[in-house]
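The structure appears right after this line, and notes come after that.
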Amino acid sequence: MSPISSPDGSPSPARPANSPVDGPAASLGGGPPRPRPEAEPTEPGEPVDAHLPDASKPEPNGPGVAEPTGPGVADPNGPAVAEPNGPGVAERATRDLAAQFEDEKPGRVLSGPAGLLLTTAALAVGTLALWQVFRPLSQGSKYYLIIFLAGVLPLVFLAYPADLRLPARLRARRRRANHAEATASDSETDSDRRTPALASSGPTVTDWVLVVLAVAACLYPVLPIRIGSGGGGYNAFLDRQGLLAPTDLVLGTVLLLLLLEACRRTTGWILPAVCLLFLGYGYYGGLLPQSWPVAHAGLDFSQLVDSFYNSDSGFYGTPLDVAASYIVLFTIYGAVLELSGAGRFFVELSAAAFRRSRTAAGRTAVASGFLLGTVSGSGAATTVSIGAVTWPLLRRAGYPPERAGGMLAAAGVGAILSPPTLGAAAFIIAEYLGVSYLQVLGWATVPTVLYYLGILLAVEIDARRSGVRPVVIDVGSPWRLLARFGYHFASLIAIIVFLAIGVSATRAVVFAIVLTVALSFLAPKNNGASSNDRAPSNDPAHRLTPGRLVTALVTGVRGVLAVTAVCAAAGIITATTTKTGLGPQAAALLIGGAQAATSDPTLVLVLTALLAAVALTLLGLAVPVTASFVIGWVIVGPALLDLGVTAPAAAMFVFYFAVLSEVSPPTALAAVAAAAVTGGRLVPTMWQTLRYALPAYLTPIAFVITPAGLGLLGIGGVQRIAFAAAVTALSVAVLAVAAGGWLPGVGPAGAPERVLGALAGVILLWLEPVPVTVGVALAVVAAAGVFVRRGAADRSSSGSPANPVEEQL
């Protein structure tokens with residue numbers, strides 16, 4: 001149903017050759033629930049009966065199909081359109097649509113020898129990753145990273161096309177030539193005409209050359225063969241650190257270029273450009289005037305290559321270690337859980353929990369985003385997955401496409417913030433700070449609850465302000481669903497339990513995979529349940545047989561290809577920063593900018609945090625979340641640490657603003673994906689997404705500006721945690737009312753009340769007694785103003801209730 005992606009936010013590329021396509025797409029219900037007879041309500045408050053759409057049997061303009069209007073709408077002939085010609089088609093369409101709007105580009109669908117080679121190599125890499133958990137290679141972790149990169153990097157050139165655009169004139173000439181060739185012979189069959197397109201989608205000669213070069217450059221450090229003055233095996237290679245042989249320099253340069261090309265293929269031009277910028281700074285920085293704070297002594301090219309190729313802070317540094325040790329295992333786990341049918345169950349459980357409430361459609365979308373986010377780590381992919389199922393419900397309830405798209409995007413981005421599977425940057429935090437992954441999960445718990453609290457409040461406000469119609473969703477009882485299929489939560493709970501008793505994160509996720517496989521065979525079957533008491537069935541397609549386990553293993557490895565390229569290339573940034581001392585210099589510049597405006601230490605910290613937030617947001621618009629965090633940590637992190645901010649608060653601050661790039665205009669990948677699903681206008685969808693996600697932009701500032709803000713990370717005593725959580729929840733609620741213009745249970749808020757509410761919400765983030773008192777007082781005054789406004793409206797209307805008013809986008 002939903003494409004499970006890597007924790008970095010990269011969707012799993014298309015399935016390997018000869019893998020089943022009807023697994024995840026098959027509805028847990030074995031087919032769509034029978035809809036009740038529907039009639040359009042004549043009154044805004046009249047409920048609409050609806051059934052939960054089946055992802056494997058889409059409706060026209062239904063899930064995954066964008067209406068052909070407005071900018072940002074998916075091409076009707078593109079991957080967003082799922083023709084109802086068999087289960088698995090809609091699942092592939094949803095996966096392809098998600099891939100279009102992710103940080104990473106969609107990969108090739110390979111068949112024949114190339115597909116077999118990729119499947120075999122991916123299976124070997126996945127097996128090695130699992131083996132490393134229990135029987136680590138005796139040569140050490142760096143040796144494992146060399147082998148892992150040698151297995152993954154060549155697959156990038158097989159799985160991702162070069163996608164180099166020709167000039168417009170050449171493209172037009174090629175189109176005319178292809179058209180003439182296609183119409184030259186009337187006897188040519190349709191299959192004959194399709195053959196060139198299929199052939200052109202496979203690896204080219206250049207791709208195969210890059211594959212060979214990648215294998216050679218990656219395996220060179222461990223090959224026990226003398227090549228001139230270089231080679232000679234792993235230990236000899238390490239002994240030459242700082243004194244590279246000519247062969248070392250050549251192959252290190254080749255690997256550098258290959259990683260830049262791999263990043264370009266998977267993420268676009270911007271990240272390679274940033275890496276080249278750091279590379280140029282390392283090489284030419286010595287030519288800068290020495291009076292400049294960012295000037296350094298200068299490095300020659302051999303020193304740079306040595307720091308990349310033969311040090312622990314370059315290609316084989318912490319980011320790649322995280323990808324090879326953690327991310328690959330969690331992507332395999334996500335694929336296993338998805339193939340077991342968990343995705344559809346989470347959506348149906350969300351629908352069942354709110355099936356008779358006024359805001360059933362909106363609550364279902366938000367709850368589905370949270371539950372899918374526990375096993376996914378991708379914002380745009382989760383947005384498309386929940387949108388494919390819940391957008392028809394939102395449309396029937398009367399949500400405009402733009403507002404529904406904003407809700408879906410904000411709920412989807414929560415996937416990167418939701419424990420126990422956070423984004424890849426969370427694993428890097430654990431490695432950088434030397435803490436357990438369970439601690440990072442603990443730090444993320446309260447902010448995640450506050451994030452979804454803000455979205456749910458916005459949903460309730462929109463439902464009342466916009467006159468949204470209640471939708472009665474035709475699903476079974478949530479308790480019956482939990483009783484029969486709650487086992488899908490078992491592996492998620494098991495991860496937390498294993499971490500709590502001291503099991504490493506890598507072993508915990510492997511044990512969770514084993515548990516998921518076992519439970520897929522023990523699940524009950526659906527024995528003729530009626531449509532009103534329907535529960536998802538566990539048909540044989542959801543049993544994790546050996547063949548399907550191979551599919552999950554290969555899919556998990558394919559899902560980590562792009563993030564591995566990003567993490568290895570991030571070594572260019574970290575190594576250059578370390579060698580040149582750029583981190584402390586940039587931190588001094590950032591603090592100096594704040595000190596130029598004020599000398600008060602508290603205000604300096606606030607201004608530095610605001611400048612850092614802006615810088616991180618702008619950075620996240622250009623590069624993927626993982627790279628954004630790495631760059632932000634080495635540049636912004638030292639500035640916050642120098643001002644006395646604790647390491648956990650600084651790391652989570654950088655993490656949250658790196659993630660929020662997914663909803664930040666003008667890129668806002670999750671909003672673009674949501675607009676493609678709903679057919680809404682792109683720019684209004686982005687602004688609606690920003691409104692739903694507003695609390696997430698402000699809450700991280702509370703981490704760093706006051707000591708009490710550490711309570712939001714679960715650090716400190718119970719009293720501090722409770723105080724911080726309660727006050728920040730009030731701040732989120734007040735900000736939601738100010739942004740939505742409606743106080744639930746009372747009525748519309750005017751401009752004065754909204755301004756007071758916004759001011760109160762911001763002040764409440766300063767978690768000290770005096771600011772909190774002022775913020776509460778302003779919030780009370782704003783609420784009193786809404787009560788007075790409602791009383792005046794009731795008197796003027798002589799007691800007749802006002803009709804809901806549609807908010808102008």
request  = Pairs only if they're at least six apart or on different chains, beta carbon under 7 angstrom, first in segment 644-668 and under 17 Å from residue 591 (Cα atoms) and in a helix (DSSP H, G or I), second aromatic (Phe, Trp, Tyr) and open to solvent by 10 Å² or more (accessible area, probe 1.4 Å); list them, first residue then second.
outcome  = 654/633
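Okay, residues lined up against (1) more than 25 Å from residue 276 (Cα to Cα); (2) open to solvent by less than 40 Å² (accessible area, probe 1.4 Å); (3) hydrophobic (A, V, I, L, M, F, W, C):
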residue	(1), (2), (3)
563	no, yes, yes
570	no, yes, yes
582	no, yes, yes
627	no, yes, yes
634	no, yes, yes
644	yes, no, no
652	yes, yes, yes
ask   = Here is a list of conditions, (1) under 30 Å from residue 256 (Cβ atoms); (2) surrounded by fewer than 21 Cβ atoms within 10 Å (Cβ to Cβ); (3) touching a Leu at 6+ places or on another chain (Cβ under 8 Å), and residue 576 meets all of them except one; can you say which number that is?
value = (2)
note = Within segment 710-739, the count of residues that are without any contact (Cβ under 8 Å) to a residue 12 or more places away in the chain and part of a helix (DSSP H, G or I) comes to 4
request  = Please enumerate the residues belonging to segment 216-263 that are of a type in the set (Val, Ile, Thr) and within 37 Å of the chain's Cα centre (by Cα).
outcome  = 222, 250, 253, 254
query = Which of the following residues is of a type in the set (Phe, Trp, Tyr) and surrounded by 24 or more Cβ atoms within 10 Å (Cβ to Cβ): 346, 354?
reply = 346
key: segment 137-151, residues that are assigned to a loop (DSSP other than H, G, I, E, B), out of contact with any helix residue (DSSP H, G or I) (no Cβ under 7 Å at 6 or more places or on another chain) and at negative phi   = 138
request  = For segment 740-747, indicate whether the set of residues that are assigned to a strand (DSSP E or B) and either of a type in the set (Asp, Glu) or surrounded by fewer than 21 Cβ atoms within 10 Å (Cβ to Cβ) (or both) is non-empty.
outcome  = yes
ask   = If only one of 508, 541, 512 is modelled with pLDDT of 60 or more, hydrophobic (A, V, I, L, M, F, W, C), farther than 14 Å from residue 333 by Cβ and in a helix (DSSP H, G or I), which one is it?
value = 541
key: Residue selected from segment 179-222 under the condition at pLDDT 50 or above, among the hydrophobic types (A, V, I, L, M, F, W, C) and open to solvent by 60 Å² or more (accessible area, probe 1.4 Å), by the criterion farthest from residue 125 (Cα to Cα)   = 205
inquiry  = Going by what's in this entry, would residue 304 be described as at negative phi and open to solvent by less than 30 Å² (accessible area, probe 1.4 Å)?
reply    = yes
remark   = Exception for residue 465 within (1) surrounded by fewer than 24 Cβ atoms within 10 Å (Cβ to Cβ); (2) at pLDDT 85 or above falls at (2)
key: Some residue of segment 482-489 being touching a Gly at 6+ places or on another chain (Cβ under 8 Å) and open to solvent by 20 Å² or more (accessible area, probe 1.4 Å)   = no
message = I'd like to verify a number: residues in segment 203-259 that are within 26 Å of residue 113 (Cβ to Cβ) and among the small types (Gly, Ala, Ser), how many?
response = 3
key: Selected residue (criterion: modelled with the lowest pLDDT) from residues of segment 410-444 that are surrounded by 23 or more Cβ atoms within 10 Å (Cβ to Cβ) and of a type in the set (Ser, Thr, Tyr)   = 421
query = Taking segment 713-734 on its own, how many of its residues are aliphatic (A, V, I, L, M) and open to solvent by less than 10 Å² (accessible area, probe 1.4 Å)?
reply = 3
message = Report every pair of residues separated by at least 6 positions or lying on different chains whose Cβ atoms are under 6 Å apart, first residue within segment 374-402 and at pLDDT 80 or above, second of a type in the set (D, E, K, R).
response = 397/469; 398/469; 402/681
task = Consider residue 456 carefully, then state whether it is surrounded by 24 or more Cβ atoms within 10 Å (Cβ to Cβ) and either modelled with pLDDT under 80 or over 16 Å from the mean Cα position of the chain (by Cα) (or both).
result = no
key: Residue count, segment 223-249 (criterion: out of contact with any strand residue (DSSP E or B) (no Cβ under 6 Å at 6 or more places or on another chain), surrounded by 17 or more Cβ atoms within 10 Å (Cβ to Cβ) and of a type in the set (A, V, I, L, M, F, W, C))   = 2
task = Mind listing whichever residues of segment 304-346 are under 28 Å from residue 578 (Cβ atoms) and either of a type in the set (S, T, N, Q) or in contact with a His (Cβ under 8 Å, 6 or more places away or on another chain) (or both)?
result = 307, 310, 311, 313, 318, 325
query = Within the set of pairs 6 or more residues apart or between chains, which connect a residue that is within 11 Å of residue 142 (Cβ to Cβ) and open to solvent by less than 10 Å² (accessible area, probe 1.4 Å) inside segment 310-332 to a residue that is modelled with pLDDT of 90 or more and of a type in the set (S, T, N, Q) with Cβ atoms less than 9 Å apart?
reply = 314/307; 320/564; 324/132; 324/564
ask   = loosely packed, with under 15 Cβ neighbours inside 10 Å and on the phi < 0 side of the Ramachandran plot: does that describe residue 299?
value = no
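The values are calculated or read from the model by the stated rules, or taken from the named source; none is laboratory data. This one's a predicted model, so the numbers in the text were calculated from it and none came from an experiment. When we count neighbours, we look across all protein chains shown, and the Cβ atoms used for this are built from the backbone with ideal geometry, even at glycine. Surface areas here come from the heavy atoms of the whole protein model, side chains and all, with no ligands, DNA or RNA. Shrake-Rupley method; radii C 1.70, N 1.55, O 1.52, S 1.80 Å.
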